[in-house]
Amino acid sequence: GDGARLEILHPRQPFLTGGRSDDNENAIALRLVYGDLRVLFAADIEEFAEQDLLASGQSLSAQVLKVGHHGSRWSSSQAFLKAVGPQIAIISCGRDNNFGHPHKETLARLNGVKIYRTDQQGAITLESDGKAIVLNTYLKTSL
C-alpha cells in the first residue's frame, strides 16, 4: 500500500552480550519506509550492534539517520555510515551535556552529511510526502 511502515531491524535473538553496554547494544533500531523516504532510527546502538546489523544482510539504506547513542564515539562507525548513506544526520543530545556528545570523532565520520543537532537547534521535525523532505528546527540558529 501507500502507507508508511516501520521495520524493526534490531535486536535479534539471541541478544548481544559482551559489548561495552548490553542495554545499548540491544536497543531497538527501526527504519521508517514511506514512499521513497527512508529514515533509520539507530537508538543507542554501538559498534557491536552496528556490526551485527551489517552482518544480517538487511538493507540499512536511508536518506535520514537519527544518529545512534547521541553521537557518542562508540556509534556511527565508518562501515555503518557507508551502508546507511545518509544525506541528513540528526543528533539528539543535551546542550553542554556531561558526556561530550556529540563526539568530535563521530562528527568527523559524518563529513559531507548535513547535520542537525538538538543541542544547537532545539526540537527537530521532519515532514515528507514520501518524496520531498521538509525539516524544521525549533531554534532558528544559523550554522
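Please determine, by comparing only the residues of segment 1-34 that are touching a His at 6+ places or on another chain (Cβ under 9 Å) and under 20 Å from Leu126 (Cα atoms), which one is least open to solvent (accessible area, probe 1.4 Å).
Ranking the candidates gives Ala29 first.
Residue check, Leu9 against (1) outside any loop (DSSP other than H, G, I, E, B); (2) farther than 27 Å from Thr137 by Cβ, all met but one. Which one?
The number of the failed condition is (2).
So which residues in segment 35-55 are more than 12 Å from Ser75 (Cα to Cα), open to solvent by 30 Å² or more (accessible area, probe 1.4 Å) and assigned to a helix (DSSP H, G or I)? Lay out the reasoning, then the answer.
Just the residues of segment 35-55 that are more than 12 Å from Ser75 (Cα to Cα), to begin with: 35-41, 52-55.
Keeping just the survivors that are open to solvent by 30 Å² or more (accessible area, probe 1.4 Å) gives 35-36, 38, 41, 52, 54-55.
Residues satisfying the conditions are Asp52, Leu54, Ala55.
Go through the residues of segment 83-92 one by one and say whether even a single one is open to solvent by 60 Å² or more (accessible area, probe 1.4 Å) and closer than 26 Å to Arg12 by Cβ. Walk me through how you get there before you give the answer.
Keep residues of segment 83-92 that are open to solvent by 60 Å² or more (accessible area, probe 1.4 Å), which gives 87.
Applying the additional criterion that residues be closer than 26 Å to Arg12 by Cβ yields none.
Within segment 83-92 (the criterion being open to solvent by 60 Å² or more (accessible area, probe 1.4 Å) and closer than 26 Å to Arg12 by Cβ), the answer is no, since none of the residues qualifies.
Inspect all residues belonging to segment 57-66 and state whether any of them is at pLDDT below 95 and either in contact with a strand residue (DSSP E or B) (Cβ under 9 Å, 6 or more places away or on another chain) or small (Gly, Ala, Ser) (or both).
yes
Take segment 63-100 and flag every residue that is at negative phi and in a helix (DSSP H, G or I).
First, the residues of segment 63-100 that are at negative phi: 63-68, 72-75, 77-84, 86-95, 97-99.
Within segment 63-100, Gly68, Gln78, Ala79, Phe80, Leu81, Lys82, Ala83, Val84 qualify.
Could you list, in sequence order, the residues of segment 101-143 that are under 27 Å from Arg73 (Cβ atoms) and touching an Asp or Glu at 6+ places or on another chain (Cβ under 9 Å)?
Those that are under 27 Å from Arg73 (Cβ atoms) and touching an Asp or Glu at 6+ places or on another chain (Cβ under 9 Å): His101, Pro102, Asp119, Leu135.
Go through segment 101-114 and give me each residue that's open to solvent by 40 Å² or more (accessible area, probe 1.4 Å), at pLDDT below 95 and outside any helix (DSSP H, G or I).
Scanning segment 101-114 gives Asn111, Gly112.
So the check is Cβ under 9 Å with 6+ separation or different chains; which pairs have a first residue in segment 81-110 that's more than 22 Å from Asp52 (Cβ to Cβ) and a second one that's aromatic (Phe, Trp, Tyr) and open to solvent by 50 Å² or more (accessible area, probe 1.4 Å)?
Sorted first by the residue in segment 81-110, then by its partner, the pairs are Cys93/Phe99.
Can you name the residue in segment 118-137 that is under 16 Å from Val67 (Cβ atoms) and part of a strand (DSSP E or B) and is also most open to solvent (accessible area, probe 1.4 Å) among such residues?
Selected residue: Leu126.
Just one of the numbered conditions (1) in contact with a His (Cβ under 7 Å, 6 or more places away or on another chain); (2) over 26 Å from Ala108 (Cβ atoms) is not true of Ile45; which one?
Of the numbered conditions (1) in contact with a His (Cβ under 7 Å, 6 or more places away or on another chain); (2) over 26 Å from Ala108 (Cβ atoms), the odd one out for Ile45 is (2).
Let me confirm something: among Thr118, Thr125, which residue is within 30 Å of Asp2 (Cβ to Cβ) and β-branched (Val, Ile, Thr)? Give the steps one after another, and end with the answer.
On the way: Thr118 fails: within 30 Å of Asp2 (Cβ to Cβ).
The conditions single out Thr125.
The values are calculated or read from the model by the stated rules, or taken from the named source; none is laboratory data. On a predicted model such as this, the values are computed, not experimentally measured, just so you know. All Cβ positions, glycine included, derive from the backbone under ideal geometry; neighbour counts span all protein chains shown. Note: accessible area is taken over every heavy atom of the protein model, side chains too, but ligands, DNA and RNA are not part of it. Shrake-Rupley method; radii C 1.70, N 1.55, O 1.52, S 1.80 Å.
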